[in-house]
Amino acid sequence: MPKIGWVRFRDTRPLRGKVNNATISLCPNGWHIAFSLAIEHVAPTNIAPAVGIDRGVANTLALSTGEHISVPASLADLDRRQR
């Protein structure tokens, strides 16, 4: 560290990437160091397509695939009683 020199610290997890910045702070329970890292972003490879679900009044559920799902009348009666 500039102006301070070498600083020892406990390595609780490996640092992945290049250290851009380090902030040393004095807290009530001791000294702490926080690192800002530059890491390489790896895009996820196995991405499933997104699904949209709309909850409405006329149709209980409408999926982005165009499928409409209705709640059985018995469940609708129970929902009314609960309110």
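Any read-out appearing in this document is the output of simple, stated calculations on the displayed coordinates, not a laboratory observation. Remember, it's a predicted structure, so these values are computed and weren't measured experimentally. Neighbour counts run over all protein chains shown; Cβ positions are idealised from the backbone, glycine included.
Just a few scattered comments:
- R8 meets the conditions (1) in a loop (DSSP other than H, G, I, E, B); (2) surrounded by 10 or more Cβ atoms within 10 Å (Cβ to Cβ) in every case but one. The failed one is (2).
- Test: A38 is within 30 Å of G17 (Cα to Cα) and touching a Gly at 6+ places or on another chain (Cβ under 6 Å): yes
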